[in-house]
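One structure is given here, and the rest of the page talks about it.
The values are calculated or read from the model by the stated rules, or taken from the named source; none is laboratory data. Just so it is clear, the model here is predicted, and its values are computed rather than measured. Don't worry about glycine lacking a Cβ; one is built from the backbone with ideal geometry, like all the others, and counts go over all protein chains shown. Note: accessible area is taken over every heavy atom of the protein model, side chains too, but ligands, DNA and RNA are not part of it. Shrake-Rupley method; radii C 1.70, N 1.55, O 1.52, S 1.80 Å.
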Amino acid sequence: MDSTADPAAPATAPDSNAPAPDSNAPATDASARRYATGRQYELRRGDALAVVTELAAGLRLYTRAGTQLTETYADAEIAPGAAGITLAPWANRVEDGVWTLNGKQQQLDITEVGRNNASHGLLRNSPYELVDESEFSVTLEAAVFPQHGYPFLLRHRVRYTLGEDLGLTVRQTLVNDSQEPAPFVLGAHPYLRLGEVPSEDLTLTVSGRTRLVTDGRLIPRGTEPADGDFDLRAGRRVGRMPLDCAYTDLDFDGGTARSTLRADDGRSVSLWQDSSCGYLHVFVTDKFPGRATAVALEPMTGPANAFNSGDGLRWLPAGESFSMEWGITAELGS
């Protein structure tokens, strides 16, 4: 495994939109680069490459056999659209940043100003410390300190591993160092792609049988069967469909659920999640820099506004830990 500390001199950012990994991958010359996302950790195994960032313990890049499998960004940028970041102690949104603890109203800082929500947890802008590194894995950790609207002390630990099959596995662990149980939802925000194929030309398959119905601020107000344009179980061409929707009732085969982007030539990239992640948020956008269409597949242990609805919300006892796993695999042919 190669890692680089922040060097002293800035550099011209690479083209983050070119499909070839040589032009997308973060530069590794420590004497010539600084990174807006802090220290960069490179994992290499066979033809696989993963780049993990100090900031938000994010996945900046994953490639196989020279094929880019996640969206990326330039050295001088932070993750656009939350690309690749990990989410704790909640994923997605808390309505108005308000929830109730033991009968007392809690007010989180508003981080999604346009919709007046607290979004994507408390570590999006936090650096993670190195805990452990080996040839094919790296483990990072950051503390969630007691703060506005969240009076708990936690640690979020994230371990990235390239397996023998060259797939990427991510294990996120939350540890409660408080004296009281703490509520939480864990999640992650990777954007998947398939090399040079425009994402609008891919077919998206998601096994979720139920979708969450949201209001104009993307706060869930109920559920309904995933039918019509929302039914992705048999696969649907991405095209220009605007989609910002969470699914549940996923099919867990052997303990994992799999969501796939497939090209017409049979190649595919998939996100899998373990049974602790009962929700998948699908976000298809035309706002990702340099891409006509980008697709985020976000594994989550609970949906948006779980602090208020209680759906998928877990309470972590004092001194205990909880882990979830997800990962990315690809079928690229010969």
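Relative contact order of the chain, taken over Cα pairs closer than 8 Å and 6 or more residues apart, is 17 percent. Were the residues from Gln147 through Asp251 laid out at 0.36 nm apart, the gain over their Cα-Cα distance would be 33.7 nm.
Using a simple spin-label model with pseudo-atoms 7 Å out from Cα toward Cβ, Trp315 and Asp47 lie 5.1 nm apart. At an R0 of 41 angstrom, the distance between the Cβ atoms of Ala76 and Asp231 translates into a FRET efficiency of 0.50.
What is the percent carbon and sulfur in the accessible area of the chain, measuring with a 1.4 Å probe over the protein chains and ignoring ligands?
Numbers: 6150 of 13400 Å².
Heavy-atom surface of the chain belonging to carbon and sulfur, 1.4 Å probe: 46 percent.
Run lengths n ≥ 4 of DSSP H only: what is the helix-derived mean residue ellipticity at 222 nm for the chain, with -39500 (n - 2.57) per run over all residues, to the nearest 500?
Details: 2 runs with 8 residues, N = 334.
When only DSSP H runs of four or more count, the value is -500 deg cm²/dmol.
Using a ≥ b ≥ c from the Cα gyration tensor of segment 77-233 (square roots of the eigenvalues), is it rounded, prolate or oblate, where a/c under 1.5 gives rounded and otherwise the larger of a/b and b/c decides, a/b for prolate? Mind showing how you got there, number by number?
Numbers: a/c = 1.92, a/b = 1.08, b/c = 1.77.
It comes out oblate by the Cα gyration axes.
Counting only other residues whose beta carbon sits under 14 Å from that of Leu218, what net charge do I get with K and R as +1, D and E as -1? List each step's numbers first, then the result.
Numbers: positive: Arg93, Arg115, Arg211, Arg217, Arg221; negative: Glu95, Asp96, Glu112, Asp215, Asp244, Glu298.
With Lys, Arg at +1 and Asp, Glu at -1, the net is -1.
Within segment 46-126, the proportion of C-alpha pairs whose separation exceeds 15 Å stands at 64%.
Whole number in Å², please: accessible area per residue of segment 102-243, 1.4 Å probe, ligands, DNA and RNA not counted.
Numbers: 6600 Å² over 142 residues.
Dividing the accessible area of segment 102-243 by its residue count gives 46 Å².
Taking θ as phi - 60° and the Karplus parameters 6.51, -1.76 and 1.60, the scalar couplings of segment 229-243 work out to 5, 8, 7, 10, 5, 9, x, 9, 4, 5, x, 10, 5, x, 9 Hz in sequence order, x denoting glycine and proline.
With viscosity set to 0.890 mPa s and temperature to 25 °C, compute the Stokes-Einstein D of the chain, Rh being the Kirkwood radius across alpha carbon pairs; µm²/s, no decimals. Walk me through the numbers on the way to the answer.
Working: Rh = 20.0 Å.
In µm²/s, the coefficient rounds to 123.
The spacing between segment 219-273 and segment 91-163, judged by their C-alpha centroids, is 26 Å.
Name the residues of segment 164-204 whose amide N is less than 11 Å from a point 7 angstrom out from the Cα of Glu331 along the C-beta direction? What the label zone holds, given the 11 Å backbone N cut-off, is no residue at all. With R₀ fixed at 41 Å, the C-beta to C-beta distance from Glu196 to Ser134 puts the FRET efficiency at about 0.80.
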